[in-house]
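Undergrad: The structure that follows is given in the form of structure tokens.
Derivation of every value follows stated rules applied to the coordinates shown; laboratory data play no part. Only a predicted model underlies this, so the values are computations on that prediction, with no experimental measurement involved. Backbone-built Cβ (ideal geometry, glycine too); neighbour counts: all protein chains shown.
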Amino acid sequence: MPKAEAADTPTLAHIHIYCTRLEPMITFWIEAFDAQLTLRRKFGNDDGAVMNIGAIPLYIQQTNVDTGQFAIVSYDHIAMRVGDIEAALKKAVGASGAKLDRGIQPSIQPSSEVAQTAFVRGPEGIRVELVQPPKQ
């Protein structure tokens, strides 16, 4: 788990997602983003996995659509910072059946600099943004 910089400064600890099929979701993160499977575990009665993508752990929990617990709130996407957006997009599209959602486009960042971004859709419709920061 990432270390907090200071006791009063919140930092992202992990991302936890639900899915209905664990293995394709694990394969997608490995093939598309070189994630490392670090642990298979149970979340209550549900099968799951913990993966590392850089410094942020990704918890994946397989749950039953009819009887399982799903998040009450949802999200739009997860963003992955990449060094070469064209290479990353080529790698991500097709990984475990992923499809192009939106091609490479400029995007104004909070710093007012322009990054290059693209989106892919992975298993079960998970949406992942690729972000190539502006060149320094």
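Undergrad: Go through segment 22-57 and give me each residue that's of a type in the set (G, A, S) and part of a strand (DSSP E or B). It would help to see each step written out before you state the result.
TA: Taking segment 22-57 as the starting set, the residues that turn out to be of a type in the set (G, A, S) are 32, 35, 44, 48-49, 54-55.
Passing the criteria: G48, A49.
Undergrad: Would you check which residues across segment 119-132 are surrounded by fewer than 16 Cβ atoms within 10 Å (Cβ to Cβ) and without any contact (Cβ under 8 Å) to a residue 60 or more places away in the chain and list them?
TA: Filtering segment 119-132 down to residues surrounded by fewer than 16 Cβ atoms within 10 Å (Cβ to Cβ) leaves 124-125, 127.
Across segment 119-132, the qualifying residues are G125, R127.
Undergrad: Also, I was wondering about something else. Looking only at residues in segment 81-95 that are in a helix (DSSP H, G or I) and of a type outside the set (D, E), which one is surrounded by the most Cβ atoms within 10 Å (Cβ to Cβ)? Talk me through it step by step, then tell me what you get.
TA: To start, the set of residues in segment 81-95 that are in a helix (DSSP H, G or I) comprises 85-92, 95.
Those left that are additionally of a type outside the set (D, E): 85, 87-92, 95.
Details: I85: 17, A87: 12, A88: 20, L89: 20, K90: 10, K91: 18, A92: 25, A95: 17.
Going through the qualifying residues, I end up with A92.
Undergrad: Please go through segment 22-43 and pick out each residue that is out of contact with any strand residue (DSSP E or B) (no Cβ under 7 Å at 6 or more places or on another chain), more than 16 Å from I78 (Cβ to Cβ) and in contact (Cβ under 8 Å) with a residue 24 or more places away in the chain.
TA: P24, T27 - these are the residues of segment 22-43 that are out of contact with any strand residue (DSSP E or B) (no Cβ under 7 Å at 6 or more places or on another chain), more than 16 Å from I78 (Cβ to Cβ) and in contact (Cβ under 8 Å) with a residue 24 or more places away in the chain.
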